[in-house]
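The values are calculated or read from the model by the stated rules, or taken from the named source; none is laboratory data. Treat the numbers as computed from the prediction; the structure is a model and nothing was measured. Here the Cβ positions follow ideal geometry from the backbone for every residue, glycine too, while neighbour counts run over all protein chains shown. Surface accessibility is based on the protein's heavy atoms, side chains included, excluding ligands, DNA and RNA. Shrake-Rupley method; radii C 1.70, N 1.55, O 1.52, S 1.80 Å.
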Amino acid sequence: MKDRLNLPSKSDIKEILKLDDKKLPSFPQVAAKLLEVSRDKTASLPDVSKIVETDPGISIRVLEIVNSAMYGLSRKITALSEAVVFLGLDEIKKLAIGMTVFEKMFKSGHAKEFDRLLFWRHCLSVAVLSMEIARATKHPNPEEAYIAGLLHDIGKVFLDIKGKMNYGSFIRELTTSTDLVIEKERSVIGLGHDDVGAFFCSLWNLPEKLVIAVKYHHQPFEHLGFAKEEMLLISIVSLANFLCWTQGIGSFDFIRPPILPPEVEKTIDLDKIDIIKCISQMNKEVETISEFYHFVFPSTSQIKKNLLRANLKLSKANTRYYYQQAPMAQLRDMKHAMDGSMTFDLGMELGKPLAKAKTVKEVLDIVMYQVGRIFQPLHWSILLKDPKTSDMIFSVVVGANKKKLQGAKLHRGEGIAGHIMKTGESLIIKDVAKDKHFSMRVDKYSGFKTKSVIGTPLRTDAKIFGVIELINRISDDNFSSRDLKVLTSIAEYAGIAIERAYYNQALTTIATKDSLTGLKNRWSFERAVSNKDEVLKHYGTIFSMLIINIESFLEFNKKTGRPESDGIIKELARILTRTKRRDDNIFRYGEDTFIMLLPQTYTDGAKRAKHRIIDAFSQVISQKSKAAPAQINIAAHTVSAEDCHQLKNIVGKFLSRSKKPFNDDVIADIEDSLQNLLEQENKKEAVEIKNRRALGKPVSLGGEFIRLKTRESGHIRVEKLSMLTIGFRISKSHRIKVNDFLDIHFILDDIKKSIVERRVVVREIKGNLINADFYNPPPYAKNLGFYLMN
């Protein structure tokens with residue numbers, strides 16, 4: 001079994017965990033016996049009762065759950081034999097195993113960042129969802145899927161309580177990273193929780209199928225020769241884990257969906273099972289037990305098919321990105337066939353930054369930088385489809401006249417880019433004067449003289465959503481067929497990275513914001529107040545909370561319908577936004593309930609804020625229809641950061657009166673929405689660029705230049721410097737002209753004496769003073785950025 005599973009050795013485990021050879025961690029005896037009896041179809045209630053009753057603490061806790069509001073029994077149950085009459089033998093076994101694992105293994109931990117209730121909420125949710133998916137896929141043993149889901153992340157428990165590395169510090173580092181949890185564990189700790197968990201499950205002699213599911217729920221497994229039933233169990237647990245993360249029910253307090261092994265789609269036909277129904281059943285069962293464990297769940301009652309489709313699209317993109325080797329392998333093979341100047345490993349240079357990119361704009365910036373670095377074009381751009389007209393828009397433009405071309409449009413099918421978009425073919429045009437597809441309109445508009453072009457489509461699955469187009473080389477050489485092969489491979493890899501970033505952004509927005517008002521949602525509130533140190537950092541030692549509730553809103557909603565009631569909600573959101581202070585935070589917590597957190601605010605400040613909101617609402621509502629709710633109720637609470645954990649309980653009292661908001665966010669297909677998303681990000685970047693230019697400062701730095709056309713060289717004295725521009729004087733007469741390219745290098749006067757090597761485009765000449773733009777500045781130039789900030 002160990003060879004088949006490729007488990008880590010005991011010495012591998014001891015490299016990362018502090019273990020005592022004489023007393024290795026054991027699996028709870030009650031749970032082990034219950035697992036054994038659960039495989040025995042002839043097992044009876046007395047058999048189960050006898051096992052559970054050997055641990056009085058567990059027996060009492062199981063009866064507490066049975067008698068809780070979760071089951072709503074008409075009278076109190078005092079013995080397991082009575083409970084089985086009402087709930088059935090399978091339900092009692094499931095409860096007993098779950099409670100045993102929680103009490104004996106999962107309940108307490110070392111790192112405060114590893115919230116064990118959040119972790120148990122995740123494990124329980126994955127267990128229940130695994131069981132529902134198992135039933136839907138006709139798995140022969142749904143209860144086995146439940147146990148596998150319950151134990152799938154058990155390795156994280158050992159990394160926390162026995163790890164040589166502080167798991168809390170690891171989680172803190174993870175919150176600022178975009179890496180997958182499992183990949184970060186392997187690179188930083190040395191082993192992933194899947195390997196650690198499988199090692200201990202094997203050590204405890206748990207059923208082989210459970211060990212396999214724990215080991216491979218994050219890894220490819222098709223090549224290992226597992227039986228069909230074993231592959232189905234792994235796929236069930238992997239899919240359940242993925243779906244829980246994407247619904248905001250992860251094992252940590254941040255959104256970081258894992259990737260699905262590529263075999264999951266092959267093993268489970270997602271079109272033939274009702275995922276919505278499975279998740280709804282999971283929600284129903286787990287939310288009923290939430291009161292017993294004091295869980296708080298994200299809004300899940302209105303799960304949308306489009307959200308799940310987007311999650312699955314993201315999963316497909318992630319799977320292709322992490323398991324598809326072709327583009328990067330191609331690039332590694334090709335780099336030796338390029339000219340001698342290409343001395344870097346493109347797989348590392350492109351793949352590593354793309355894996356860390358958080359937004360579509362970051363992905364495009366990285367792609368455009370590497371394209372400029374490799375091909376040295378005079379002008380290069382990404383054109384995306386206008387969702388309204390299907391025209392092509394110059395969405396990302398680098399090079400000459402980029403300001404004029406940014407946002408310009410080509411008619412559908414116009415020019416070489418339009419032809420590429422229409423046909424999906426990559427093209428190389430060595431002389432555009434001889435090509436029938438070339439359109440002179442752009443050259444006339446921009447004043448540019450196009451000579452040669454290469455272009456390739458950007459696509460996701462079978463759909464083309466854009467084109468990368470390169471025009472002319474700095475050296476005046478034509479583009480070659482080898483250039484086109486490299487560009488096509490880059491575009492293939494970039495397309496997957498863009499798709500990942502797009503759906504990650506969309507899902508994060510849905511998970512953290514209310515779709516109607518654009519305000520932060522209930523999940524964001526729970527996260528904001530869950531960590532005492534973070535509360536202290538953002539809100540101070542003393543702060544106030546306002547709970548704002550619209551009186552008689554539900555009755556108003558029933559009478560008038562959603563459009564009218566949505567109008568009231570949006571109006572109140574505008575009032576709260578207008579009356580709040582700069583650092584106050586607003587959350588839409590329920591259908592008729594908002595929360596406002598007021599940093600460093602005592603009781604008197606909270607009262608002033610309360611009256612300010614009530615007065616503003618009264619003035620606005622008086623102009624509405626008589627049927628509109630005429631009053632809001634505001635409860636003010638002033639607390640210290642030390643007592644921030646009480647906020648959830650205070651707000652929890654309103655849950656019975658406040659329904660969760662209806663979320664009808666729709667994630668549009670990438671080809672229909674990418675352009676709009678980029679326009680929003682470009683507006684933000686325009687402000688950042690303005691700030692980056694403003695960050696420039698006068699300097700006096702020595703350096704040298706080489707003019708590309710003639711190879712003449714000389715010394716320079718840099719006098720002005722920013723992230724995007726440079727001003728310098730040269731030491732002798734010259735033949736440099738506007739739009740010439742120069743290679744320069746200069747030395748910063750910082751502690752490290754950092755060398756900056758850049759290509760620049762001359763924009764202005766005043767005697768021996770030259771003002772230039774950096775050609776293709778890298779999106780992550782840390783040394784220059786730190787220098788300018790200091």
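Rounded, prolate or oblate: which one fits segment 526-631, using the alpha carbon gyration tensor with axes a ≥ b ≥ c (rounded when a/c is under 1.5, else prolate when a/b beats b/c, else oblate)?
Details: a/c = 2.89, a/b = 1.86, b/c = 1.56.
It is prolate, given that a/c is not under 1.5 and a/b is the larger ratio.
About the Cα centre of segment 213-264, how large is the charge dipole given +1 on each Lys and Arg Cβ and -1 on each Asp and Glu Cβ? Please answer in debye to the nearest 20. Intermediate results must be reported in sequence, preceding the final value.
Values: 3 positive and 5 negative charges, 19 e Å.
That gives segment 213-264 a dipole magnitude of about 100 debye.
Could you tell me which of the pairs K430/K485; K215/K463; K33/K215; K537/K648; K361/K388 are separated by over 24 angstrom between their Cα atoms in the structure shown? Please report the intermediate quantities before stating the final value.
Values: K430/K485 15 Å; K215/K463 35 Å; K33/K215 22 Å; K537/K648 19 Å; K361/K388 21 Å.
Checking Cα-Cα distances, K215/K463 exceed 24 Å.
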Which shape class, rounded, prolate or oblate, goes with segment 112-157 when its Cα gyration tensor gives a ≥ b ≥ c as root eigenvalues, a/c under 1.5 marks rounded, and past that a/b bigger than b/c marks prolate? prolate
Please report, in whole Å³, the volume per residue of the convex hull around the C-alpha atoms of segment 435-589. 275
Linear extension gain, I751 paired with N6, 0.36 nm per residue minus alpha-carbon span: 263.3 nm
Segment 160-186 and segment 419-458: distance between their alpha carbon centers, rounded to Å: 48
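As an exercise, use a Förster radius of 25 Å and the Cβ-Cβ distance of R412 and K451 to find the FRET efficiency, rounded to the nearest 0.05.
0.50
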If ligands, DNA and RNA are left out, what is the accessible area of E265 with a 1.4 Å probe, given in Å² to the nearest 10? 80
Cα-Cα pairs of segment 224-286 separated by more than 15 Å (percent): 57
Positive-end residue, segment 131-207 charge dipole about Cα centroid, Cβ charges, pick of I189, F200, N166: N166
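Are there trypsin sites (Lys or Arg not before Pro) in segment 542-617 that DSSP puts in a loop and that have at most 13 other Cβ atoms within 10 Å, and which ones? Kindly include the intermediate steps, with their values, before the conclusion.
Details: sites: K558, K559, K570, R574, R578, K580, R581, R582, R588, K607, R608, K610, R612; in loops: K580, R581, R582.
Hits after loop and neighbour filter: R581, R582.
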From the cross-link list K402/K444; K732/K753; K683/K766; K385/K520, which pairs have alpha carbons spaced over 21 Å apart? K732/K753; K683/K766; K385/K520
Integer Hz, Karplus 6.51/-1.76/1.60 couplings in order for segment 712-724, x for Gly and Pro: 5, 9, x, 8, 10, 10, 6, 10, 9, 8, 9, 5, 10
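Computed FRET efficiency, Cβ-Cβ of S280 and K402, R0 45 Å: what is it to the nearest 0.05? Intermediate values should be presented prior to the final figure.
Numbers: r = 50 Å, r/R0 = 1.11.
According to the calculation, E is roughly 0.35.
Hey, what's segment 407-559 come to in accessible area per residue, 1.4 Å probe, Å²? Provide the component values of the computation, followed by the final result.
On the way: 6820 Å² over 153 residues.
That works out to 45 Å² for each residue.
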Under the classification rounded if a/c is under 1.5, otherwise prolate if a/b is larger than b/c and oblate if not, where does segment 434-491 fall, given a ≥ b ≥ c as square roots of the Cα gyration tensor eigenvalues? oblate
Taking all protein chains as present, what is the carbon and sulfur share of the accessible area of segment 384-540, in % to the nearest whole number, probe 1.4 Å? 49
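With a 10 Å radius around each residue's Cβ, average the other Cβ atoms per peptide and rank 116-126, 389-399, 474-484, highest first.
On the way: 116-126: 22.8, 389-399: 19.7, 474-484: 14.7.
In decreasing order of mean packing, 116-126, 389-399, 474-484 become 116-126, 389-399, 474-484.
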Descending packing, highest mean Cβ count within 10 Å first, for 187-199, 145-157, 433-445 is 145-157, 187-199, 433-445
So, in Å, what gap is there between the alpha-carbon centers of segment 693-735 and segment 578-616? 53
The convex hull of the Cα atoms of segment 174-213, divided by residue count, gives a volume in Å³ per residue of 67
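May I ask you to derive the FRET efficiency for S673 and E183 from their Cβ-Cβ distance with R0 = 25 Å, giving the value to the nearest 0.05? It would help to have the intermediate numbers written out before the result.
Values: r = 28 Å, r/R0 = 1.14.
Calculated value: 0.30.
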Ranked highest first by the average count of other Cβ atoms within 10 Å around their residues, in what order do 703-716, 204-217, 745-758 fall? 204-217, 703-716, 745-758
